[in-house]
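> The structure under discussion is supplied below as structure tokens; questions concerning it will follow.
The values are calculated or read from the model by the stated rules, or taken from the named source; none is laboratory data. This one's a predicted model, so the numbers in the text were calculated from it and none came from an experiment. Using ideal geometry, Cβ is built from the backbone for each residue, glycine included, and neighbour counts are taken over all protein chains shown. Ligands, DNA and RNA are stripped out before the accessible areas are found, and what is left, the full protein with its side chains, is counted by its heavy atoms. Shrake-Rupley method; radii C 1.70, N 1.55, O 1.52, S 1.80 Å.
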Amino acid sequence: MILLAYLASALAIVIWTYLLIGRDAYWRASEELPPAYPPKVWPDVSAIIPARDEVETIGAVVKAHAATTYPGKFTISIVNDASSDATADEVLRAAQQSGRQIELLNAPPLPDGWKGKMNAVATGIQYVHNKQPTTTSQENTNKYFLLTDADIVMGPETLMRLVAHAVSNDIALTSLMARLDSRGLWGGLLIPAFVYFFQQLYPFPASNNPKSRTAAAAGGCMLVNANALAKAGGIEAIKGALIDDCALAHLIKNGNPRRVIWLGLAKNDEAISLRDNRSLSSIWTMVSRSAFAQLNHSWALLALSILGMFLIYLAPPALVVFGVLNDQTVLAAIAGGATLLMALSYFPTIRSFDQHPIFSFALPIAAFFYLLMTISSGLNHARGKGGAWKGRTYQH
């Protein structure tokens with residue numbers, strides 16, 4: 001037992017050493033939208049916002065987009081995806097109050113093989129193409145789609161800065177991970193960890209490096225070049241993707257031709273999620289919806305993930321206690337080193353959420369809950385409730 005504990009501690013500290021120095025410094029949480037020179041001509045941008053039962057947030061979202069300071073042509077299309085509440089009415093009310101024309105569309109019935117959000121996005125894009133047809137490839141190159149969610153509020157200058165960055169650096173897909181609600185006990189414990197795990201899985205510096213095949217985006221705020229999207233196969237190419245943002249990033253970056261993408265963390269009011277994360281059930285639903293899909297619906301990968309989570313996050317602090325209780329000073333020191341490295345890697349993310357540094361040591365607790373959510377995601381799939389979201393389930 002003691003030998004096994006030493007082995008686990010040594011392996012954990014080796015893994016954490018690698019994560020700190022060998023995984024593109026994901027833990028720095030330093031990728032932010034930089035300043036960029038404005039283009040000579042501001043391209044046309046069309047916002048496509050799918051909305052399914054979003055009556056609580058869609059009004060604020062519409063008003064925020066209507067208040068943009070973007071100097072180019074900017075159109076807004078809300079695609080009502082078979083909402084059962086008053087989402088459509090709220091869109092019309094907010095549009096009237098903003099004084100700006102907002103297109104309210106209805107997504108058609110869900111075709112076979114399509115996910116609901118992708119069907120709604122494709123509807124919005126097709127509407128824009130029909131209303132504003134392009135005659136040359138050059139015209140299409142100078143058009144962009146802002147693919148965003150019905151619970152994401154963007155600051156008035158965000159779109160302008162996104163476009164300036166994209167045009168100045170010839171970036172085909174520019175994305176911001178919105179600031180998530182971290183209020184309350186559960187939000188404070190689990191949301192910083194959610195952002196941390198996402199960065200660990202998809203290191204932003206690697207995603208932004210044209211030489212790396214790592215590709216990621218955040219679905220709440222994605223600015224995509226219309227020509228690049230069309231050449232990559234359009235939304236239809238990812239019609240069945242449950243984790244659609246990263247699927248789009250991979251499609252754009254690693255297609256033929258390969259294109260540059262960029263992903264960063266939103267700061268201040270650049271992009272803010274209105275989704276309420278104060279309850280455990282809210283976060284649990286969000287994570288369990290797609291966790292098993294992230295593992296390609298593989299039970300073998302789920303088993304490896306469980307083992308990995310235990311070894312990397314849960315074992316180090318547990319082995320510190322075990323070493324102390326069994327007078328194994330060296331064991332406790334090794335496990336303590338792994339625990340400290342873990343906390344150090346988590347600190348920049350904790351700081352970005354304005355939390356006390358002591359919460360850097362809470363990552364194992366958060367990891368335990370995410371482990372349970374991942375297991376729950378697999379069990380939901382086995383029960384035929386995989387990908388459950390607002391009345392829909394997706395098994396594949």
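> Any idea how far apart LEU304 and THR17 come out in nm if each label point goes 7 Å out from Cα toward Cβ?
Each label point lies 7 Å from its Cα, and together they span 2.4 nm.
> Provide the FRET efficiency to the nearest 0.05 for the LEU201-ARG383 pair, computing r from the beta carbons and using R0 = 22 Å. Please report the intermediate quantities before stating the final value.
Details: r = 26 Å, r/R0 = 1.16.
Result of the calculation: an efficiency of 0.30.
> Moving on to the next point. Taking LYS239 as the anchor, which lysines have their alpha carbon closer than 19 Å to its alpha carbon, excluding any fewer than eight residues away along the same chain?
The qualifying lysines are LYS115, LYS117, LYS231, LYS253, LYS390.
> Another question about this same structure. Rolling a 1.4 Å sphere over the protein heavy atoms, what is the accessible area per residue of segment 152-237, to the nearest Å²?
Value returned for segment 152-237: 32 Å² of accessible area per residue.
> Using a simple spin-label model with points 7 Å from Cα along the Cα→Cβ vector, what separation in nm is obtained for ASP170 and THR329?
6.2 nm
> Express the carbon and sulfur contribution to the solvent-accessible surface of segment 273-342 as a percent, rounded to the nearest whole number, probe 1.4 angstrom.
70 percent
> If you fit an axis through the alpha-carbon atoms of helix 116-131 and take the longest principal axis of the Cα set of the chain, what angle between them do you get, 0 to 90°, nearest 10?
Rounded to the nearest ten degrees, it is 30.
> What part of the accessible area of segment 1-48, given as a whole %, is carbon or sulfur when the probe is 1.4 angstrom?
That fraction is 68 percent.
> How much of the accessible area of segment 78-198, probe 1.4 Å, is carbon plus sulfur, in whole percent?
51 percent
> Hey, how many Å between the Cα centroid of segment 334-374 and the Cα centroid of segment 1-43?
One Cα centre to the other: 13 Å.
> Using +1 at the C-beta of Lys and Arg and -1 at the C-beta of Asp and Glu, which of PRO156, HIS250, CYS221 has the Cα lying farthest in the positive direction of the dipole of segment 133-272?
HIS250
> Sketch the reach of a paramagnetic label on LEU7 as a point 7 Å from Cα along Cα-to-Cβ, and name the residues of segment 285-310 whose backbone nitrogen lies under 19 Å away.
Within reach of a label on LEU7, which here means backbone N under 19 Å from a point 7 Å along Cα→Cβ, segment 285-310 contributes 304-310.
> Return the sequence-ordered ³J(HN,Hα) values of segment 298-308 in whole Hz as given by the Karplus equation 6.51 cos²θ - 1.76 cosθ + 1.60 applied to θ = phi - 60°, using x for Gly and Pro.
Karplus values, whole Hz, x for Gly and Pro: 9, 5, 5, 5, 5, 4, 5, 5, 4, 4, x.
> Roughly speaking, what is the stretch gain from ALA237 to LEU280, that is 0.36 nm per residue apart minus the C-alpha to C-alpha distance, in nm to one decimal?
The span from ALA237 to LEU280 would gain 12.1 nm if fully extended.
> Given the DSSP H assignment, sum -39500 (n - 2.57) over each helix run of at least 4 residues in the chain and divide by its residue total; what's the result at 222 nm in deg cm²/dmol, nearest 500?
When only DSSP H runs of four or more count, the value is -15500 deg cm²/dmol.
> From the protein chains alone at 1.4 Å, what is the descending order of accessible area for ILE21, ILE312, ILE235, largest first?
Working: ILE21 140, ILE312 35, ILE235 10 Å².
Descending order: ILE21, ILE312, ILE235.
> A further question follows. Between helix 315-325 and the chain, what is the angle of the helix's C-alpha long axis to the longest principal axis, kept within 0 to 90° and rounded to the nearest 10?
20 degrees
> Taking every pair of distinct Cα atoms and averaging 1/r, then inverting, what Kirkwood hydrodynamic radius in Å comes out for the chain?
22.2 Å
> Using only the alpha-carbon atoms, how far is helix 244-253 inclined from the longest principal axis of the chain? Give it as 0 to 90 degrees, nearest 10.
Long axis of 244-253 versus the principal axis of the chain: about 80 degrees.
> Still on this structure: Could you check what % of the DSSP bridge pairs in the chain are antiparallel, to the nearest 5?
Among the beta bridges of the chain, antiparallel pairing accounts for roughly 35 percent.
> Just by accessible area at a 1.4 angstrom probe, what is the order of MET286, MET373 from largest to smallest?
From most exposed to least exposed: MET286, MET373.
> I would also like to ask the following. What spacing in nm lies between the two simple spin-label points modelled at VAL321 and GLN132, each 7 Å away from Cα in the Cβ direction?
According to this spin-label approximation, the distance is 5.8 nm.
> Just add up the charged neighbours of VAL163: K/R +1, D/E -1, any other residue whose Cβ is under 12 Å from the Cβ of VAL163. Provide the component values of the computation, followed by the final result.
On the way: positive: LYS73, LYS143, ARG161; negative: ASP44, GLU157.
Neighbourhood net charge equals +1.
> Please give the per residue accessible area of segment 1-141, computed with a probe of 1.4 Å over protein heavy atoms only, in Å².
Spelled out: the 1.4 Å probe surface of segment 1-141, per residue, equals 52 Å².
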